[in-house]
Structures are given as C-alpha cells and as structure tokens.
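So the structure is just underneath, and the comments pick up after that.
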Amino acid sequence: MTTVVVATSNPDKLREIKFALIYRALSDKRALDSPARFVCALALAKDDRILFEARGTVEGRIAPAPAGEGGFGYDPIFFYPPFGRTLAEIGDRKSEVSHRGKAFRQLKRFLAGLESLKAEV
C-alpha cells in the first residue's frame, strides 16, 4: 500500500488531489465504472441500551469525472443513475435519496411512534 501525504491549505486543491488519487487507483484496477455506495448507520442509546438502530444507503456509480458544485465530500464523483447526475449536481433533491436522510427519517418515525405511545398513556 502506498501512503500519500499532501500539504495544502486550499480545500479545492485537496479535493482535486483526492479525486485524482481515487481515479488513478480505479484505473489501475480497470474499474473506472465501479459501483459506489454511501452508508449511514445510526443508533439511539440510553445509558447502556441501544433503543433504536437504522441504516440508510444510496447506490450509484463512480462518475467518469467530477461534476457539480453542491454537496460535499465525494458527492461530485458519486453518479446517481435515477437522476442521471452526480449528487453534487442535484441540489435539494439530494435529501430525497441521501443515505443520511434515509436513516434519519427512520429515526424520526421511531421517535414519532414513541410520542404517540406517550400520548395514549
């Protein structure tokens, strides 16, 4: 495994370098059209008990090239086939499909169930 250390205070340059390293690694494996997945796992705990767990995922592919200014992290290289765009290009529609959005909507339903249960008691 090769370790690469990059020193820059420019976040755009760091992002560019990070994406270039990813594309190079995928190219070396002949996997530029690789599937991609974002996962969010969350848990609600009280003291030493897990009260609720959720997992949200979004499936896509590695984009042929970074595209879009929105989002953050790897959104510019995460191509979402149902929208035909990267997550960085879809703006507010990202909340409909995001892995975090899916997990937190599950948590919201769980908490709403607790509230309605409390109201009945």
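Please treat every number below as a calculation from the coordinates, not as lab data. Quick caveat: nothing in here was measured; it's all calculated off a predicted structure. Virtual Cβ from ideal backbone geometry, glycine too; neighbours counted across all protein chains shown.
In the chain, with Lys and Arg counted as +1 and Asp and Glu as -1 at Cβ, which of these residues, F38, L87, F72, has the Cα nearest the positive end of the dipole, that is, farthest along it?
F38
Can you give the extra length, in nm with one decimal, that the chain gains between D28 and F110 once fully stretched, where that is 0.36 nm per residue apart less the Cα-Cα distance?
Details: separation 82, 0.36 × 82 = 29.52 nm, distance 4.45 nm.
So the extension gain works out to 25.1 nm.
Could you work out how far helix 11-28 tilts from the main Cα principal axis of the chain, as a 0 to 90 degree angle to the nearest 10?
Here the helix axis deviates by roughly 80 degrees.
Nothing charged except the Cβ atoms of Lys and Arg (+1) and of Asp and Glu (-1): what's the magnitude of the dipole of region 1-108 about its Cα centre? Round to the nearest 20 debye. Walk me through the intermediate numbers first.
On the way: 18 positive and 13 negative charges, 42 e Å.
Charge dipole of region 1-108: 200 debye, to the nearest 20.
Tell me which chymotrypsin sites (Phe, Trp or Tyr not before Pro) from region 42-101 have a DSSP coil assignment and no more than 15 other beta carbons within 10 Å of their own. Don't skip to the end; give the middle numbers.
On the way: sites: F52, F72, Y74, F78, F79, F83; in loops: F72, Y74, F83.
Of the chymotrypsin sites (Phe, Trp or Tyr not before Pro), the ones in loops of region 42-101 whose Cβ has at most 15 other Cβ atoms within 10 Å are F72, F83.
Run through region 1-105 and list the trypsin sites (Lys or Arg not before Pro) located in a DSSP loop whose Cβ has at most 13 other Cβ atoms within 10 Å. Kindly include the intermediate steps, with their values, before the conclusion.
On the way: sites: K13, R15, K18, R24, K29, R30, R37, K46, R49, R55, R61, R85, R93, K94, R100, K102, R105; in loops: K29, R30.
The qualifying sites are K29, R30.
Restrict the search to region 28-88; then list the GluC sites (Glu not before Pro) that DSSP places in a loop and that have at most 11 other Cβ atoms within 10 Å of their Cβ.
On the way: sites: E53, E59, E69; in loops: E69.
Here the sparse-neighbourhood loop sites are E69.
Which links in K46/K108; K18/K94; K46/K102 stretch past 24 Å when you go from one Cα to the other? Each step should come with its number before you reach the end.
On the way: K46/K108 17 Å; K18/K94 22 Å; K46/K102 22 Å.
Beyond 24 Å between Cα atoms: no listed pair.
For region 40-48, just list the computed ³J(HN,Hα) in residue order, Karplus coefficients 6.51, -1.76 and 1.60, θ = phi - 60°, integers in Hz, with x standing in for Gly and Pro.
The phi angles translate into 10, 10, 9, 9, 10, 10, 9, 6, 9 Hz.
Quick check: Cα centre of region 37-76 to Cα centre of region 79-98, how many Å?
13
Please give the FRET efficiency for E53 paired with R93, using the beta carbon to beta carbon distance and R0 = 30 Å, rounded to the nearest 0.05.
Numbers: r = 27 Å, r/R0 = 0.89.
Once the sixth-power term is evaluated, E becomes 0.65.
Using θ = phi - 60° and the Karplus form 6.51 cos²θ - 1.76 cosθ + 1.60, what ³J(HN,Hα) does each residue of region 78-90 get, whole Hz, x for Gly and Pro?
Using θ = phi - 60°, the values come out as 9, 7, 9, x, x, 9, x, 8, 7, 5, 6, 9, 9 Hz.
Quick one, which of (i) 35, 17, 14; (ii) 20, 16, 15; (iii) 54, 15, 10 is the actual semi-axes √(5λ) of the Cα gyration tensor in Å calculated for this model?
After the calculation, the listed value that fits is (i).
Mind checking the angle between helix 99-120 and the chain's longest principal axis? C-alpha axes, 0 to 90 degrees, to the nearest 10.
It works out to around 10 degrees.
Suppose only helical runs count, i.e. DSSP H with n ≥ 4. What mean residue ellipticity at 222 nm does that imply for the chain under -39500 (n - 2.57) per run, divided by all residues and rounded to the nearest 500 deg cm²/dmol?
Working: 3 runs with 44 residues, N = 121.
My calculation for the chain gives -12000 deg cm²/dmol from helical runs alone.
Connecting C-alpha atoms closer than 10 Å in a GNM of the chain, tell me which of L26, L87, L14 has the biggest fluctuation.
L14
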